[in-house]
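I am attaching a structure below and will ask some questions about it afterwards.
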Amino acid sequence: MLPNHSQHKINSDERSGQSLRHLITSSDLSFAMEAHDGLSAAIAQQAGFKALWASGLSISSSLGYRDANEASWTQVVDVVERMADASGLPILVDGDSGFGNFNNARLLAVKLRQRGASGVCLEDKGFPKMNSFVGNRHPLADVDEFSGRLRAVKDTVPDMVLVARIEALIAGYGLDEALLRADAYADAGADAILIHSRKSDATEILDFARQWADKLPIVIVPTKYYKTPISAYRDAKISTVIWANHNMRAAISAMRTTCGRIMAEESIAGVEPEVATLEEVFGLLNYDELSSAEDRYLPKHA
Ligand code: SPV
Ligand code: MG
């Protein structure tokens with residue numbers, strides 16, 4: 001990667017764990033927007049988001065894989081690098097269950113950090129994992145073994161934000177199991193707890209937050225309980241909301257509509273006013289920077 005190759009100068013402050021740590025630990029509610037490639041990362045950055053969620057579901061989907069660890073960890077690392085370069089934003093990476101045991105998890109974290117990620121989120125399941133909204137088979141990892149995975153990451157990459165994701169509610173266990181795990185993961189060095197739910201209302205998340213009493217910041221993913229007003233999260237002192245998959249899902253809708261029309265109309269004339277202009281594409285990827293660099297670096301007569 002060339003320095004300043006992307007449209008955003010590499011901003012070590014933005015990219016450092018510090019910036020993401022501040023967002024997650026500050027008392028203001030923060031937001032992380034899903035992205036799954038360089039383009040979606042640049043779009044989220046231009047919309048004003050201060051942090052990105054490198055979603056396993058969205059990255060897998062955009063690669064044509066299922067969210068069941070079909071994409072390799074090196075493929076994920078490659079995508080995250082493109083997201084980091086294209087946005088300059090701090091990125092919290094969905095590290096799934098760490099792609100194996102403590103050793104795979106710490107290797108993943110090291111490589112993500114080297115390639116520009118600021119944080120990694122690990123969920124307490126085994127390898128391969130399955131997306132939390134698919135089926136009912138979500139065996140949980142042993143608490144001690146998963147705590148070892150967290151400790152290994154913390155010891156190896158201490159400046160990375162480490163989010164421990166609890167799947168107890170997804171797997172059908174109650175609040176007590178979720179709280180027990182949260183305590184263990186806090187002891188293991190997690191910087192924040194992601195409590196996940198697939199209920200259509202936020203009751204169990206808000207119950208968890210009440211009982212957890214602010215011991216570590218709480219991160220949530222309201223994909224299924226999307227109707228809950230954001231004020232409920234501020235009142236519950238939730239730290240960070242992840243909008244986990246809407247760039248990917250929006251792209252599916254837009255591409256389907258466009259493909260369908262071009263297929264039916266045997267023409268691109270109808271969709272032309274609906275799609276991004278080429279100027280928008282060039283603007284997003286900062287072609288202007290390249291042309292001024294050409295003025296600076298190419299011989300004048302070239
Ligand atoms: C992801 O975005 O890949 C997540 C969140 O892990 S969810 O799909 O809601 O489990
Ligand atoms: Mg995921």
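The values are calculated or read from the model by the stated rules, or taken from the named source; none is laboratory data. These numbers were taken from a predicted model, which means no experiment stands behind them. Using ideal geometry, Cβ is built from the backbone for each residue, glycine included, and neighbour counts are taken over all protein chains shown. To get the accessible areas, we keep the full protein, side chains included, count just its heavy atoms, and leave off ligands, DNA and RNA. Shrake-Rupley method; radii C 1.70, N 1.55, O 1.52, S 1.80 Å.
Just for the range 199-212: of the residues that are surrounded by 16 or more Cβ atoms within 10 Å (Cβ to Cβ) and of a type outside the set (Phe, Trp, Tyr), which one is farthest from residue 242 (Cα to Cα)?
Per the stated criteria, the residue is 207.
For residue 163, work out the one condition from (1) within 15 Å of ligand 2 (Cβ to nearest atom); (2) assigned to a loop (DSSP other than H, G, I, E, B) it doesn't fulfil.
Condition not satisfied by residue 163: (2).
Quickly run through the range 231-261 and pick out the residues that are closer than 30 Å to residue 274 by Cβ, away from ligand 2 (no atom under 16 Å from the Cβ) and among the β-branched types (Val, Ile, Thr).
If the condition is that a residue be closer than 30 Å to residue 274 by Cβ, away from ligand 2 (no atom under 16 Å from the Cβ) and among the β-branched types (Val, Ile, Thr), then 252, 257, 258 are the ones that fit.
Further, regarding this structure: Any chance you could count how many residues in the range 44-60 are within 8 Å of residue 33 (Cα to Cα) and in a strand (DSSP E or B)?
Number satisfying all stated conditions: 2.
Answer with yes or no whether residue 215 is open to solvent by 60 Å² or more (accessible area, probe 1.4 Å), out of contact with any Ser or Thr (no Cβ under 9 Å at 6 or more places or on another chain) and under 20 Å from residue 123 (Cα atoms).
yes
Hey, another quick one. Just to be sure, is residue 201 out of contact with any His (no Cβ under 9 Å at 6 or more places or on another chain), at pLDDT below 95 and part of a loop (DSSP other than H, G, I, E, B)?
It is false that residue 201 is out of contact with any His (no Cβ under 9 Å at 6 or more places or on another chain), at pLDDT below 95 and part of a loop (DSSP other than H, G, I, E, B).
Please go through (1) under 16 Å from residue 36 (Cα atoms); (2) within 16 Å of ligand 1 (Cβ to nearest atom); (3) touching a helix residue (DSSP H, G or I) at 6+ places or on another chain (Cβ under 9 Å) for residue 72 and return the number of the only condition it doesn't satisfy.
Status for residue 72: all satisfied but (3).
If the requirement is being among the acidic types (Asp, Glu) and in contact (Cβ under 8 Å) with a residue 60 or more places away in the chain, which of these qualifies: 123, 145, 177, 167?
On inspection, the qualifying residue turns out to be 123.
Output yes when any residue across the range 101-120 is within 16 Å of ligand 1 (Cβ to nearest atom) and in a loop (DSSP other than H, G, I, E, B), and no when none is.
Taking every residue of the range 101-120 in turn, at least one turns out to be within 16 Å of ligand 1 (Cβ to nearest atom) and in a loop (DSSP other than H, G, I, E, B).
Something else: Anything in the range 121-142 that is under 21 Å from residue 36 (Cα atoms), within 13 Å of ligand 1 (Cβ to nearest atom) and open to solvent by 30 Å² or more (accessible area, probe 1.4 Å)? List them, or say none.
Scanning the range 121-142 gives 130, 133, 134.
Now for a separate question. Evaluate the following for residue 266: is it at positive phi and open to solvent by 60 Å² or more (accessible area, probe 1.4 Å)?
Yes, satisfied.
Confirm whether residue 79 is closer than 22 Å to residue 223 by Cβ and within 15 Å of ligand 2 (Cβ to nearest atom).
yes
Checking residue 177 against (1) touching a helix residue (DSSP H, G or I) at 6+ places or on another chain (Cβ under 9 Å); (2) farther than 18 Å from residue 121 by Cα, only one condition comes out false. Which one?
The one condition residue 177 does not meet is (1).
Here is a follow-up. Within the range 64-100, which residues are out of contact with any Leu (no Cβ under 7 Å at 6 or more places or on another chain) and either open to solvent by 40 Å² or more (accessible area, probe 1.4 Å) or part of a strand (DSSP E or B) (or both)?
64, 65, 66, 70, 72, 74, 78, 81, 82, 94
Could you say which residue among 165, 106 is among the basic types (Lys, Arg) and open to solvent by less than 30 Å² (accessible area, probe 1.4 Å)?
Of 165, 106, the one residue that is among the basic types (Lys, Arg) and open to solvent by less than 30 Å² (accessible area, probe 1.4 Å) is 165.
Looking at (1) β-branched (Val, Ile, Thr); (2) open to solvent by less than 70 Å² (accessible area, probe 1.4 Å); (3) away from ligand 2 (no atom under 16 Å from the Cβ); (4) over 15 Å from residue 119 (Cβ atoms), which one does residue 170 not meet, given that it meets all the others?
(3)
Going through the range 213-230 one residue at a time, which ones are more than 16 Å from ligand 2 (Cβ to nearest atom) and either under 15 Å from the mean Cα position of the chain (by Cα) or not in a loop (DSSP other than H, G, I, E, B) (or both)?
218, 230
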